[in-house]
Amino acid sequence: MFIKRRRFIAQSSLATAGTLFVPKFLQAAAGPLYKGTAEPERILIVIQLSGGNDGLNTVIPISNDIYYQSRPGIGIAANKAAVIHTDAALHPALTAFQKMYDQGELAILNNVGYPNPDRSHFRSMDIWHSASSSHDYWNTGWLGRYLDHACHGCDKPTQVLEINDVLSLALKGEQHKGIATQDPAQLFATSSAPYFKQLAKHDHPHEPLADYLYKTLADTINSAESIFTAAKAGSTNSIYPNTALAKHLKTVASLIAGGMNSSVYYLSLGSFDTHVNQPAQQQRLLAELNGAVEAFVADMKKQKRFKDVLLMTFSEFGRRVAQNASAGTDHGAANNMFFVSGNLKEKGLLNSMPKLQQLVNGDIPFDIDFRRVLATVLQQWLKTDPTPILKESFQPLLFV
């Protein structure tokens, strides 16, 4: 009885995410990752704000009366916020972002979304990850297809790394997948166990599916060692806050310093699903974002790599303009994005604040299709033709 290779691997204990050997670690192909001198010219850091961050209380329209009328209990007054413009302020937790704004290291894009928005967390996140339209269902992600495109004909697809215990759809391509791991040292220690070293040498010349699985096992061991070597070589003594996101960004900084050849790092923070008691939850999460990014930027400046790095945030959707009865907000549509770099061509507020007098079903309508943003990052920053990756042509923006 024969089964498809994909199903065989998914069901095998050696390839699943929950085993002792690879705790939620996924890798698509073999080969050492650490090259020492193979530093990418440009590095993209993507931070996913999971759960639907409330953009209106992140970039606050302090001169708009509709904002305060719609949010009598959770609206943030200008004198309590981090003011950046006559018409705009940042959430009071984002003091480091305010400084970066003043120093020309931050760009803010408002009203980002897509036509026919979906208010489901899972569906909207899939749309962002895959870069599909709202009526298409794709099983690959934009960064996974970038990996396919960048690694056409190569046998070491090592450009994309997620600091997480599971690989997101965004990093899954047709031919290649990114790599996901939270702790290079733990991954290396686990994969170095003698049992797995011996198991990786097992030969099944007449069993193609088993051959593939054992090859994946051997390649994973090589990759785990390579990631650990890079992280150890670039171990940073910079001080970071004691938070999960800060720890993950410190890992990224160590890999960059260690010469890892990854050009994309993907991280997540959440949940921002603030239906109830939004002020406390958003304050905590944005404070974590603020402290982690502040430490990372300082580290990149210390490494003299800040001009080579672009950090980008996104969330699957924004929230409704009007607060609900539980001191929170419900699922909405368009949202804002942050871009942090020492090499921005356009800085500050890149477009107008949300037009709260022109809502669509209580939601902020989008002005900028998020796929234009992805096209911009792919073409202008990663120097890659975005059209075959996004499967459609989008006019790039000019901020990088």
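The figures follow:
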| item | result |
| --- | --- |
| All positions within the stretch 303-323 that are outside any loop (DSSP other than H, G, I, E, B) and closer than 26 Å to residue 345 by Cα | 303, 306, 307, 308, 309, 310, 311, 312, 313, 314 |
| Subset of the stretch 255-282 (residues that are open to solvent by less than 10 Å² (accessible area, probe 1.4 Å), over 16 Å from the mean Cα position of the chain (by Cα) and not hydroxyl-bearing (Ser, Thr, Tyr)) | 255, 256, 258, 259, 260, 278, 282 |
| Residue that is modelled with the highest pLDDT [pool: residues in the stretch 154-172 that are over 15 Å from residue 268 (Cα atoms) and open to solvent by 10 Å² or more (accessible area, probe 1.4 Å)] | 172 |
| Residue that is assigned to a loop (DSSP other than H, G, I, E, B), surrounded by 15 or more Cβ atoms within 10 Å (Cβ to Cβ), of a type outside the set (Lys, Arg) and under 21 Å from the mean Cα position of the chain (by Cα), where the choices are 53, 111, 139 | 53 |
| Single residue of 286, 344, 356 found to be within 28 Å of residue 375 (Cα to Cα), at pLDDT 95 or above, of a type outside the set (S, T, N, Q) and outside any loop (DSSP other than H, G, I, E, B) | 286 |
| Residue that is surrounded by the fewest Cβ atoms within 10 Å (Cβ to Cβ), among those in the stretch 324-339 that are over 23 Å from residue 351 (Cβ atoms) and among the small types (Gly, Ala, Ser) | 325 |
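The values are calculated or read from the model by the stated rules, or taken from the named source; none is laboratory data. All figures in this text were calculated on a predicted structure; none of them were measured in a lab. Neighbour counts are summed over all protein chains in view; Cβ atoms, including those assigned to glycine, are modelled from backbone coordinates with ideal geometry. In case anyone asks, the SASA skips ligands and DNA or RNA and just uses the protein heavy atoms, side chains included. Shrake-Rupley method; radii C 1.70, N 1.55, O 1.52, S 1.80 Å.
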